[in-house]
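All remarks here apply to the structure that follows.
The values are calculated or read from the model by the stated rules, or taken from the named source; none is laboratory data. Predicted model only: the values in this text are computed from it and were never measured. Every residue, glycine as well, gets a Cβ built from its backbone with ideal geometry; the counts of neighbours run over all protein chains shown. Only protein heavy atoms, including side chains, enter the accessible area calculation; ligands, DNA and RNA are left aside. Shrake-Rupley method; radii C 1.70, N 1.55, O 1.52, S 1.80 Å.
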Amino acid sequence: MADIDTGSERYREFLAEAEDILGSMGKGLLKLGKGVKAGIIDPGVLNAVFRSAHTLKGMSAIFDVKDMATLSHSLEDTLDLLRLGRITLTDTVLDSIMNAFYLLQKIVASKGHGDFSREIEDHKSALGKAAHARDNRPKEQIDAGIISVLTEYEEHRLRENLKEGKNIYIVTARFFMNNFDKGYVALTELLKTRSEVIATLPSSKTNNEFLFFDILTGTKGGKGQMLELIGGSADVEIKVLAEPSSRVEQGPALEVVKDSVRPVQHHRDSLRRTSDTVRVNIGKLDNILNVISELGIVKSNITALSAALRSEAAHSVYGLELARAEKHLERKLSDLRDSVLDVRMVQIGQLFGRFETLVNRISRESGKEIRMTTLGDDTELDKLIVEELADPLMHIIRNIADHAIEPPGVREGLGKPRHGTVTLSAHQKGNHVVVEVTDDGAGIDDALIRSKAVEKGLVAADYAKALGVQEALELIFLPGFSTRTTVSETSGRGVGMDVVRENISRLSGIIDIDTERGRGTRFILTIPITLAILQALIIEEAGTRYALPLNSVIEIVEIERVSEVLIEPEFTINGRNIPSVCLSRFLGKQRSAPDCAGYGIVAGLAEHRVCIMVDRLIEELDVVIKPLSRLLKVPGIAGATDMGEKGTVLVLDVTGILDHVYREKKSGAGFKTTV
Amino acid sequence: MDAAAKVSVSVSGPVRASGLSDAPKRQSTVAPTVDNYSKSLERQAPEEKKLQIVSFFLGEREYAFELLDAVEVLRARTLTEVPRTPDFIKGILSVRGEMVPVMDTKMRLSEGQFGNVRFGRVLVTSVGDLKVGFLVDRMGGVREVAVASIEQVDDGFVKGLINAPGGLILLLDVVRLIDFA
């Protein structure tokens, strides 16, 4: 390992890529797992998994991560035997593959520092044993001339197709020499919609003008259907190699595996990376966004200039021209900003996919039956936010698996299905994405939560008793709270839910809990789509303007005059008591009028809510937030934003305000209990 | 020291630290690391160490920072006040997107305080990557003084007294001035 710097950029990229590859491998393995149960193994998926193992082997050898190289090598061997049909994919084989996969994940997570050599030996022998279960089924007779030119894999696919009763056709096509590649790709893509392309063989008919190919395809459809698909072009003819089913055409039968036929596409150039994507450090994108926002300030200077020119009679023509050019600049700037933001967006499905393996593992370990379903996988979110969501979602799911889902026997007794269901869903709502984790378990008992919180000394008994149901539920987010007395492998260390709270707050997200005893619980996480640009509500209080991140705003209410001298009231909105604070009082500023009037902005962060009272609402703006200097640490101020000609305004920090309000409230409650 | 002539400086343009004026005379073949750079300085002027300073006025009194501490001079536009900060922090100024706290230098030095901020200038300094602006009435200029002629003092924010032809200049210690957090 001497010459590889494990802290280097290259090494980090290698780890990131290994993670990606393992991610797609995991998905493939899950599909295979389902396939084993259903009795249909999709060769495309098997191939993809094999390729992942192969790539991983190569990469880890380059970076000298020996454990990973050894393990992925034996994994690759086993997968190779599988895809060639030398061994059959059974539950045992799949298990040994899955275990090797989990170990690979562990190795990547250890960043190449751990020593896994002993575990690897176990896995290697398990994989080796699996490989001995060779498949010795008799083979059908096929034209030896054809067989001799096929690779072992192609031959295997040919036999499999025959075994499935598919018709084998040889599609002979000719292409002009100068553009045969395009024509070939177009034809094979077309064929793949209805058949499996088993092999492409260069034909002996090739002359100076034309290239001829024999494309071996397997399909459930008849020759007529294939001709129809190709469209009867003169450049293509179809010969029959084998037609085991002289059954009448039954195209729709293909529907069953339709979804999985597609991945076969790469099998000819199998090991080359076909991806045309660029991996970019997100910091670089942030830099671009900064430059764009500075351009915005330059633009607003031009705006001022053009306005000045227009008002001068002698130059008004130039002023108008400048104004037009400036409008154009503005549009392009906003396009530019949108495209950079778009680059940061990824689908949340790639995150959801990771939990499938987790849920499967938990249900295997805990003896509970848990299924996971996902909705809205294609919802897009900023890459950074997706990563930040991984931990909170994992903790929520583990808690559900441990605490909410009942054992199968209990569930049957309650008249529920044996298996519990965890649903992960995402949908966009304005500039937010709402991620929901729903289970059909036992629901949360607020009385139990109260007594546990008191027992653990997290809150005073009187305080716990006085809380509303919703507030009591929120006690689960306190650090050190855990209702399980035994520490389990998956959760119950009492770290889970406060991690959720912390990470979601960091994202200026909002958590809601919706629970019904015996029916289940829904955790609703509302997360901003991106943190790079902040949507802000510009408000005015005591003559000064501030920006309040709209991410945190839940609703705005008009309020009556409330004297500042009095303790600020609690508002009851939707059955929840929400403490309030007068902004200028919070910031320690003098108000000319002694009473707060105007608007109450109900803001939330994680599970907390607060009502911030301000004089006026001005406008909504997209702003880029800049930190105040390190020298100025002001609670309740997150930073400032330069709005060009409108000057610089401070951006309020809802976390800071909430912390302050809740600390006051709690100390008040503590006081009551001691008297 | 007649060489220490006053160099006028455009108040709106940036003031850049330019290093010692005779630095390029003897070229070194050694790579210019921080270490051998300062060594080469020592070799060149062992008998006559010079210090470049940038001076400014608070009322009629002249003060200075080391030129290396200074970044640029800006007009004092409207500052954005920040609540719950010391009184001598007048607010923040956005300098090309970066938020720079601006200090009322008079108040910090207990020499009164600025009336209307708008007529002054902001001298932006940096300590490492930390930038702080100082409100001043007007700029003096950049000049070079012999280190030997600086009287070292340890009096709060003043670290040296410079006897210049035009009168006494108080050399300020930026690090101490911004140490209030």
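What does the accessible area per residue of region B:50-178 come to in Å², with a 1.4 Å probe and no ligands, DNA or RNA counted? Could you put the intermediate results ahead of the total?
Working: 5510 Å² over 129 residues.
Result: 43 Å² per residue.
Per atom type, region A:53-133 shows carbon and sulfur on 53% of its accessible surface, probed at 1.4 Å.
Could you work out what % of the accessible surface of region B:50-178 is carbon and sulfur, using a 1.4 angstrom probe and leaving DNA, RNA and ligands out of the count?
Details: 2580 of 5510 Å².
Carbon and sulfur together cover 47 percent of it.
Could you sort out which of A:Lys646/B:Lys106; A:Lys124/A:Lys368; A:Lys166/A:Lys192; A:Lys589/B:Lys90 sit more than 18 Å apart by Cα distance in this structure? The pairs that break the limit, which is 18 Å between Cα atoms, are A:Lys646/B:Lys106; A:Lys124/A:Lys368.
For the full complex of protein chains and a 1.4 angstrom probe, list A:Arg354, A:Arg506 by accessible area with the highest value first.
Numbers: A:Arg354 100, A:Arg506 130 Å².
My answer, sorted largest first, is A:Arg506, A:Arg354.
Buried accessible surface for the B/A pair, both sides summed and rounded to the nearest 100, is 1700 Å² with a 1.4 Å probe. Across the alpha-carbon atoms of region B:50-178, the computed radius of gyration and Dmax are 14.2, 44 angstrom.
How many angstrom lie between the Cα centre of region A:25-74 and the Cα centre of region B:116-135? Answer, in whole Å: 60. Per residue, the average separation of C-alpha pairs within less than 8 Å and at least 6 apart gives region B:50-178 a relative contact order of 29 percent. The candidates A:Lys626, A:Lys383, arranged from most to least accessible area with a 1.4 Å probe in the full protein assembly, appear as A:Lys383, A:Lys626.
For A:Tyr169, A:Tyr318, write out the residues from largest to smallest accessible area, computed with a 1.4 angstrom probe and no ligands counted. Show your work: numbers first, answer last.
Details: A:Tyr169 0, A:Tyr318 150 Å².
Reading off the accessible areas and sorting them downward yields A:Tyr318, A:Tyr169.
Here the Karplus relation 6.51 cos²θ - 1.76 cosθ + 1.60, evaluated at θ = phi - 60°, turns the backbone of region A:632-644 into coupling constants of 10, 10, 10, x, x, 10, 8, x, 9, 9, 8, 9, x Hz, with x for every Gly and Pro. Residues of region B:160-176 with an amide N closer than 14 Å to a point placed 7 Å from the Cα of B:Val127 along the Cα-to-Cβ direction: B:172-176. Rounded to the nearest 10 square angstrom, A:Arg279 shows an accessible area of 110 square angstrom against a 1.4 Å probe. Rounded to the nearest 10 square angstrom, A:His419 shows an accessible area of 40 square angstrom against a 1.4 Å probe. Stretched out straight at 0.36 nm per residue, the stretch from A:Arg364 to A:Arg663 would grow longer than its current Cα-Cα span by 103.4 nm. Among the residues of region A:616-634, which ones have their accessible area go down by 20 Å² or more when all the protein chains sit together, as opposed to their chain alone (1.4 Å probe)? Residues of region A:616-634 that lose at least 20 Å² of accessible area once the other chains are added: A:Lys626, A:Leu628, A:Ser629, A:Arg630, A:Leu631, A:Leu632, A:Val634.
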